[in-house]
1. Out of all the residues in region 259-272, which are among the polar types (S, T, N, Q) and either at pLDDT below 90 or surrounded by fewer than 14 Cβ atoms within 10 Å (Cβ to Cβ) (or both)?
2. Which of the residues belonging to region 140-153 are crowded, with 20+ Cβ neighbours inside 10 Å and in contact (Cβ under 8 Å) with a residue 60 or more places away in the chain?
3. Being touching an Asp or Glu at 6+ places or on another chain (Cβ under 9 Å) and either outside the structural domain of Gln280 (by TED's automatic domain parsing) or at positive phi (or both) narrows it down to one residue among Gly163, Gly205; which is it?
4. Run down Ile191, Ile187 and say which single residue is in the same structural domain as Lys118 (by TED's automatic domain parsing), out of contact with any strand residue (DSSP E or B) (no Cβ under 7 Å at 6 or more places or on another chain) and free of Cβ contacts under 8 Å to residues at least 60 places away in the same chain.
5. Are any residues in region 112-150 modelled with pLDDT under 95 and not hydrophobic (A, V, I, L, M, F, W, C), and if so, which ones?
6. Would you pick out the residues in region 73-91 that are crowded, with 20+ Cβ neighbours inside 10 Å and either more than 19 Å from Lys28 (Cα to Cα) or of a type in the set (Asp, Glu) (or both)?
7. Could you check region 189-202 and list, in sequence order, the residues that are acidic (Asp, Glu) and loosely packed, with under 12 Cβ neighbours inside 10 Å?
8. Touching a helix residue (DSSP H, G or I) at 6+ places or on another chain (Cβ under 6 Å), among the aliphatic types (A, V, I, L, M), crowded, with 20+ Cβ neighbours inside 10 Å and without any contact (Cβ under 8 Å) to a residue 60 or more places away in the chain: is that true of Val101 in this structure?
Amino acid sequence: MKIKFPLLVALFLSSAQLVYPQNQALKKVNFLPLWVPQPQFAGYYMAKDKKIYEKYGLDVNIISGGFSKDVPAYLKEGKAHFGIMYLSSALRERAKGTELVNVGQIFQRSEIMFVTKKSSGIKTIHDFRGKKIAVWRTVLVELTSGFLKKHNISAEVININEGVNIFLKDAVDICAVMYYNEYNSLINFGIDSNELNVFYFRDFGMDFPEDGIYCMEQTYKDDPDLCEKFVKASLEGWSYALLHPDETLKVLRAYQKIGTFRDNLSHSKWMLNSMKDLIQPPGKNVISGELLESDYINTAKFLRKNKFIDTIPEFNDFFRGTIKYE
């Protein structure tokens, strides 16, 4: 199934009532993103708000994520049917024996980067030696550790919970950030882009896809149709979100008001605008949902080489998605 933006929205507008019989009860689904409501998860919130999930017979409860809500634990304990994880994290869980499967790969590449101030004199990764690096207490810790191992760099890694203040105050020399998020925060705080050096992980052989939709293997075996419907509906939500950015930002702001998180509107626009390139496979004007085997092998080999995993799970055991692109 190949999904193009204009066609998908036309289908949504013309046949929203044709997918699921009106007289049947909706199936309840709990879904856990990695973080609180923000454009990184816009497609899921729009699929809920525009009743796309309902069109597929699903009553989806989106659980607001955060540090205290571990996606693998929620899946194993049955608190969530589906959750968002990075490919590298999910591979580690699977290799440890957690029977996770990927049913839809949403982000198709990595947006992780290191940033340094040009005034620091750090111009290449070899200049990282002996420096202080700020890293979020998330999957960034393992990927940063792997990056440093790969390039034989000895540096002091400082784990932080959020934000870029520690970098702004020069308490660290280097900061690991996401292009679609913290990088723009630095710009919003007044640093000009030409004052920064950036080191994309993908430029150093670490283009590991990030957000994917995961569930327990038993969930997939018990109800593969549920998994396919959730992924298809989510992709429709993403298509709608990218085609209607202003409406999407209003919906996200409404969800943010339910909790304690508030985002800057200009920053949210930046993040949402960045999603299209992340979600579309390189060179293709489609939303895919497919995990490429080459990306899987590249990520798995890196994890094994750096001793994060001992064995590489079989690709066909790990990826159970049904959506393909040409």
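1. Matches in region 259-272: Thr260, Asn264, Ser266.
2. Answer for region 140-153, where residues must be crowded, with 20+ Cβ neighbours inside 10 Å and in contact (Cβ under 8 Å) with a residue 60 or more places away in the chain: Leu143, Gly146.
3. Gly163
4. Result: Ile187 is the single residue among Ile191, Ile187 that is in the same structural domain as Lys118 (by TED's automatic domain parsing), out of contact with any strand residue (DSSP E or B) (no Cβ under 7 Å at 6 or more places or on another chain) and free of Cβ contacts under 8 Å to residues at least 60 places away in the same chain.
5. Arg137, Thr138, Glu142, Thr144, Ser145, Gly146, Lys149, Lys150, listed by residue number.
6. Hits for region 73-91 are Met85, Tyr86, Leu87, Ser88, Ser89, Ala90, Leu91.
7. Within region 189-202, just Asp192 meets the criteria.
8. Taking the combined requirement at face value, the residue does not satisfy it.
The values are calculated or read from the model by the stated rules, or taken from the named source; none is laboratory data. Treat the numbers as computed from the prediction; the structure is a model and nothing was measured. When we count neighbours, we look across all protein chains shown, and the Cβ atoms used for this are built from the backbone with ideal geometry, even at glycine.
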